[in-house]
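Single-structure report; data block below.
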Amino acid sequence: MIYPSIDKILNIVDSKYQLVHIIAKRSKEMTKEKNFQMPVKYYISKKNLGRALEEVADGYILMKDSE
């Protein structure tokens, strides 16, 4: 089971494609720079992809409207 639920995150992000792009970019940033939005002990996921999903679900990563 993936935490957080994709259905919950898709209410925040417009499309699955945008979500994949954001999560991949954030995960690479976490791996490369060891930069986390909250202390590591507060993440449920142990991998950076899951941690990036948690950040989107918790509102640490905000989306801009592209107009």
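May I ask for the angle, rounded to the nearest 10°, between helix 48-58 and the longest principal axis of the chain, with both axes built from Cα atoms and the value confined to 0 to 90°?
With both axes taken from Cα atoms, the answer is about 60 degrees.
Using +1 on the beta carbon of Lys and Arg, -1 on that of Asp and Glu, and nothing else charged, what's the dipole of the chain about the Cα centre, debye to 20?
Computed about the Cα centre, the dipole is about 440 debye.
Could you count how many Lys pairs in segment 6-58 have their Cα atoms under 25 Å apart, skipping same-chain pairs fewer than 8 positions apart?
Close lysine pairs under the 25 Å cut-off: 23.
To the nearest 10 degrees, how steeply does helix 16-33 sit against the main Cα axis of the chain, on a 0 to 90 scale?
In the chain, helix 16-33 runs at an angle near 30 degrees to the longest axis.
Cα-based Rg (one decimal) and Dmax (whole number) for the chain, in Å?
Cα-based Rg and Dmax for the chain come out at 11.5, 38 Å.
Select from Val56, Val13, Val40 the residue whose mean-square fluctuation is largest in a Gaussian network model of the chain (Cα-Cα springs shorter than 10 Å).
Answer for the Gaussian network model of the chain: Val40.
Any read-out appearing in this document is the output of simple, stated calculations on the displayed coordinates, not a laboratory observation. What you are looking at is a predicted structure, and each value in this text was computed from that prediction instead of being measured. As a convention, Cβ positions derive from the backbone with ideal geometry for all residues, glycine included, and neighbour counts pool all protein chains shown.
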